[in-house]
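The values are calculated or read from the model by the stated rules, or taken from the named source; none is laboratory data. Quick caveat: nothing in here was measured; it's all calculated off a predicted structure. Reconstructed Cβ throughout: ideal geometry from the backbone, glycine too, with neighbour counts over all protein chains shown. Protein only, heavy atoms only, side chains kept; ligands, DNA and RNA dropped before computing areas. Shrake-Rupley method; radii C 1.70, N 1.55, O 1.52, S 1.80 Å.
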Amino acid sequence: SVGISGEPISVTIGAVSKPADAAFSSTEHSQTWENLTLQEIAKTIAGRYGLVLVYEAEMVPILAKEQDKETDSSFLKAICEQYGLMLKIYNRKLVIYDREAYKKKPPVFTIDRSQMGRDWSFELVLEGSYTGGRISYTDPKTEEDVVFSVGEQSRPLELNEKADNPADAERILTARVANANHGLQKLSFSVMGEPKLIGSQIIAITGFGSKIDGNYFSVVGLPIDKVYDIIKNFIV
């Protein structure tokens, strides 16, 4: 999409990263996936659209998943979100990666406060954060009710969801807690366009002091507009 506004004249260009084959996000499929891994499911779906799968996460066993009149994009995205993984299309590749693992990588770029000028904002929100969690589920083999917990229980996230086994419950619960705690500390700013800055990178911020300085996860990188939103790897 292209838009023009004024004055002064400003041109806005928008784009969507997805296969040229619209079936990826418009054609509904019905299929039962059994005794596979998330990587195997993603590889099959990627192959339908001529995409190369790039999978950078731990193996996730899938006992059974029902795709009922659902597009491949929404189906795969829902599974990735359930297990705390990120999904994106880039350069004819279907990329699945572990955001929490990416946060532990060393920074690829350092930006100082002096480079931002006056156009920056910082936000810290504690509401909605958790120190750990508990999940209640019914074991599909024994049909017994099971309660599994992770982290400290002073402020837990409570879940009641389907899980295949304790390992599956731990993956689901850990992902939900991580998703809830992601983005609690956010810094937005404008700098001169830098093509090296892209989403999912780790950026080191300096010049603010110990309360703000540190490594941040790049959420959006727009070199054309010179605007960057980043989220610090905040731990409650």
**Request:** Please go through the stretch 81-94 and pick out each residue that is part of a strand (DSSP E or B), over 18 Å from Phe217 (Cβ atoms) and open to solvent by 50 Å² or more (accessible area, probe 1.4 Å).
**Result:** Lys93
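For (1) at pLDDT below 85; (2) surrounded by fewer than 19 Cβ atoms within 10 Å (Cβ to Cβ); (3) part of a loop (DSSP other than H, G, I, E, B); (4) among the hydrophobic types (A, V, I, L, M, F, W, C), each residue gets a yes or a no:
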{"site": "Asp164", "(1), (2), (3), (4)": "no, yes, yes, no"}
{"site": "Ala169", "(1), (2), (3), (4)": "no, no, no, yes"}
{"site": "Ile172", "(1), (2), (3), (4)": "no, no, no, yes"}
{"site": "Val177", "(1), (2), (3), (4)": "no, no, no, yes"}
{"site": "Ala180", "(1), (2), (3), (4)": "no, yes, no, yes"}
{"site": "Leu187", "(1), (2), (3), (4)": "no, no, no, yes"}
{"site": "Lys196", "(1), (2), (3), (4)": "yes, yes, yes, no"}
**Request:** Could you check Thr12 against (1) at pLDDT 95 or above; (2) touching a strand residue (DSSP E or B) at 6+ places or on another chain (Cβ under 6 Å) and say which number it fails?
**Result:** (1)
**Complete:** Met192 fails exactly one of (1) farther than 21 Å from Asp213 by Cα; (2) of a type outside the set (Lys, Arg); (3) in a loop (DSSP other than H, G, I, E, B), namely (1)
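Rundown of residues vs (1) more than 19 Å from the chain's Cα centre (by Cα); (2) under 27 Å from Pro140 (Cα atoms); (3) outside any loop (DSSP other than H, G, I, E, B), yes/no style:
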position: Val54; (1), (2), (3): no, no, yes
position: Asp68; (1), (2), (3): yes, yes, yes
position: Ser74; (1), (2), (3): no, yes, yes
position: Ile79; (1), (2), (3): no, yes, yes
position: Ile96; (1), (2), (3): no, no, yes
**Asked** Can you tell me which residue in the stretch 140-162 is nearest to the chain's Cα centre (by Cα), limited to those that are surrounded by 12 or more Cβ atoms within 10 Å (Cβ to Cβ) and β-branched (Val, Ile, Thr)?
**Response** Val150
**Request:** Answer yes or no as to whether Glu40 is among the acidic types (Asp, Glu), over 22 Å from Lys141 (Cβ atoms) and either in contact with an Asp or Glu (Cβ under 6 Å, 6 or more places away or on another chain) or part of a strand (DSSP E or B) (or both).
**Result:** no
**Item:** Answer residue from the stretch 198-210, given it is within 18 Å of the chain's Cα centre (by Cα) and crowded, with 17+ Cβ neighbours inside 10 Å and is modelled with the lowest pLDDT among those
**Value:** Ser200
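This table checks each residue for (1) within 24 Å of the chain's Cα centre (by Cα); (2) open to solvent by less than 80 Å² (accessible area, probe 1.4 Å).
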site	(1), (2)
Pro8	no, no
Gly14	yes, yes
Gln31	no, yes
Leu51	yes, yes
**Prompt:** Restricting the search to the stretch 54-64, which residues are in contact with a Ser or Thr (Cβ under 8 Å, 6 or more places away or on another chain) and open to solvent by 50 Å² or more (accessible area, probe 1.4 Å)?
**Reply:** Met59, Pro61
